[in-house]
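Student: Below is one structure. I have some questions about it.
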Amino acid sequence: MDRRADFYIPGLLMARAESTPKGSHVLHAAEFLRAKPAEVPGVIVLTGEERVLKTGAIDAILKAVLPNEDDAPTRYAGKDASLTAVRDELQTVSMWSDRRVVIVEDAADFVSEHRAALEKYAAAPAKKSVLILDVKTLPKNTKLFGIVSAQGLIVECTELKGAALTRWIQETAQQEHGKKLTREAVDLLVELAGTSIGLLEQELQKLSSYAGEQTSIDAEMVRKMVGGWRAETTWEMTDAVREGRSGDAISMLNKLLVSGEAPLRVLGGISFVFRKMALATELSRQGRVLNAALQEAGCWGNEIGPATSYLRRIGRPKAELIGSHLLAAESALKGGSLASDRSILERLLLQLSGTL
């Protein structure tokens, strides 16, 4: 599949970071890949460590500059790149194409060694060539950052968070796989797989194959396909808590911890389920009917019945403490307590089950 994407270059889409000077051409890769094609500047710097985003950005640039897929860029490994060779390549007129693209990969050492020359080149780049520098970081207080952000383009290939991550997941699922993820499915996918773009892309491919002809992917599909036996054990543990089987829940917790599952990741799975109970309790306190409160809090179809039974079983006074228990456990696991991680999580399970 050709994953080169359309995009728009400097002028209208500007930097989103508050620390970036006004008028700078700095875009996050997700925004860069969503935009429409236009003129490509002579120097582009890709920063960050999300390789999937960097690959997508490079493909997008190549689509705009070298529309004939038989045309190929010239690539140099940064540690072996010669400034003379790179500069000569940029200034040589191609016999086969109107434009030329030169990519310096892992370019940190190359940039450090030839910073002054690159600053000079970036201020007046060759008109028929595009230089792409792939680095992990380019500090905003450097002269090179200022020149490239003013006259070229800096694409930040960094981790996405919050609404931006949700939008990327939904758009990637739709555009690359023809699938629509429910909001609950997106939330659960992030909870199980984390925020790495590369890993999320792999999970989306897996989910798309599992869904087959179905165009929609729901939370139940995510629950079955993402996270393996540890994820399934986590759900069984939270089910045991809701049903008041605290002994079974602690046994499953032990299985997870012995297997090497990180305590904060275990807490993440618990919180994913019980944050909804906390929010539903607050909405109910404000006058919502419990069933409607649970739906508004993010519980999906087959989760509403068990959630309703759970909240009625433990009663409102204990239900109103769910949020506090989750926050206290998070603080304790992050160093706010001398107790062991196991003891902190065991106590949380007992509190949530209504035993304490």
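The values are calculated or read from the model by the stated rules, or taken from the named source; none is laboratory data. Small disclaimer: the values here were computed from a predicted structure and weren't measured. Don't worry about glycine lacking a Cβ; one is built from the backbone with ideal geometry, like all the others, and counts go over all protein chains shown.
Student: Out of all the residues in the range 284-302, which are touching a residue at least 12 places away in the same chain (Cβ under 8 Å) and within 24 Å of ARG223 (Cβ to Cβ)?
Tutor: LEU290, ASN291, ALA293, LEU294, GLU296, ALA297, GLY298, CYS299, TRP300, ASN302
Student: From ARG16, ARG75, grab the single residue that is surrounded by 14 or more Cβ atoms within 10 Å (Cβ to Cβ), of a type in the set (D, E, K, R) and either at pLDDT 85 or above or touching a strand residue (DSSP E or B) at 6+ places or on another chain (Cβ under 9 Å) (or both).
Tutor: Values: ARG16 fails: surrounded by 14 or more Cβ atoms within 10 Å (Cβ to Cβ).
The unique qualifying residue is ARG75.
Student: Here's another thing I want to ask about it. Mind listing just one residue for me: the one in the range 201-254 that is among the basic types (Lys, Arg) and touching a Phe, Trp or Tyr at 6+ places or on another chain (Cβ under 7 Å) and, of those, nearest to GLY178 (Cα to Cα)?
Tutor: Keep residues of the range 201-254 that are among the basic types (Lys, Arg), which gives 206, 223-224, 230, 242, 245.
If we keep only those that are touching a Phe, Trp or Tyr at 6+ places or on another chain (Cβ under 7 Å) too, we end up with 223, 242.
Numbers: ARG223: 20, ARG242: 36 Å.
The selected residue is ARG223.
Student: For ALA150, which of the numbered conditions (1) touching a helix residue (DSSP H, G or I) at 6+ places or on another chain (Cβ under 7 Å); (2) among the hydrophobic types (A, V, I, L, M, F, W, C); (3) in contact (Cβ under 8 Å) with a residue 24 or more places away in the chain fails to hold?
Tutor: (1)
Student: State all residues of the range 194-218 that are in contact with a strand residue (DSSP E or B) (Cβ under 9 Å, 6 or more places away or on another chain), assigned to a helix (DSSP H, G or I) and hydrophobic (A, V, I, L, M, F, W, C); if no residue qualifies, say none. Talk me through it step by step, then tell me what you get.
Tutor: Taking the range 194-218 first, the residues in contact with a strand residue (DSSP E or B) (Cβ under 9 Å, 6 or more places away or on another chain) are 204, 207-208, 210-211, 215-218.
Of the ones still in play, those that are also assigned to a helix (DSSP H, G or I) are 204, 207-208, 210-211.
Within the range 194-218, LEU204, LEU207, ALA211 meet the criteria.
Student: So if I check each of GLU176, GLU191, GLU184, GLU156, which one is among the charged types (D, E, K, R) and within 17 Å of GLN205 (Cβ to Cβ)? Even if it seems obvious, please write down each step before you answer.
Tutor: Numbers: GLU191 fails: within 17 Å of GLN205 (Cβ to Cβ); GLU184 fails: within 17 Å of GLN205 (Cβ to Cβ); GLU156 fails: within 17 Å of GLN205 (Cβ to Cβ).
Answer to the selection: GLU176.
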